[in-house]
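The values are calculated or read from the model by the stated rules, or taken from the named source; none is laboratory data. This one's a predicted model, so the numbers in the text were calculated from it and none came from an experiment. Cβ placement follows ideal geometry from the backbone for every residue including glycine, while neighbour counts extend to all protein chains displayed. Each accessible area value is taken on the protein alone, full model and side chains, heavy atoms only, with ligands, DNA and RNA left out. Shrake-Rupley method; radii C 1.70, N 1.55, O 1.52, S 1.80 Å.
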Amino acid sequence: MRESLMLIMLCALTASAGANADRLSVQRQQELKDLVHQDCGSCHGMRLTGGLGPALTPQALQGKNHEFVTATISEGRLGTPMPPWRSLLSASEIHWIADYLKGWEGKR
Ligand code: HEC
């Protein structure tokens, strides 16, 4: 199931390559996953179940909408260790991460 989904995504991406600048390559998505678990994970826990920062699992983010999550990632939280990421990540990358966090199933 997972594999076939990936294949469909890959075909969709290949078919529209260059057509949509906002669409992230499969390779970039993998890089973002690594960033989430390593860089974000250094504060939020490698399994995103919390550390210095709160848990970022779908359950933990359930009541928080997409805009709230993307704004937090983009701007950080002044006066807390949560840094702003807007100079390191594009808006579409931040949207992708927010979606990824919301759909995270704790399997890796
Ligand atoms: C240096 C530590 C640190 C790093 C690195 C970090 N965070 Fe955070 N993050 C925090 C802290 C601490 C908070 C809680 C801020 C507060 O008290 O309001 C937070 C809050 C958040 C929240 C809000 C959660 C909620 O329940 O309101 C989100 C979403 C978030 N971080 C995402 C990320 C993402 C995505 C990354 C990586 C791109 C990241 N953080 C990297 C420390 C960090």
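With the requirement that a residue be open to solvent by less than 40 Å² (accessible area, probe 1.4 Å) and under 15 Å from the mean Cα position of the chain (by Cα), what does the stretch 39-55 give you?
Taking the stretch 39-55 and keeping what is open to solvent by less than 40 Å² (accessible area, probe 1.4 Å), we get 40-41, 44-45, 48, 50, 53, 55.
Residues satisfying the conditions are CYS40, GLY41, HIS44, GLY45, LEU48, ALA55.
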Suppose we keep only residues that are surrounded by fewer than 17 Cβ atoms within 10 Å (Cβ to Cβ) and of a type in the set (A, V, I, L, M) within the stretch 56-71. Which one would you say is nearest to LEU35 (Cα to Cα)? ALA71
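So which of SER92, SER74, SER87 is open to solvent by 90 Å² or more (accessible area, probe 1.4 Å) and more than 9 Å from the ligand (Cβ to nearest atom)?
Values: SER92 fails: open to solvent by 90 Å² or more (accessible area, probe 1.4 Å); SER74 fails: open to solvent by 90 Å² or more (accessible area, probe 1.4 Å).
Only one candidate passes the filter, namely SER87.
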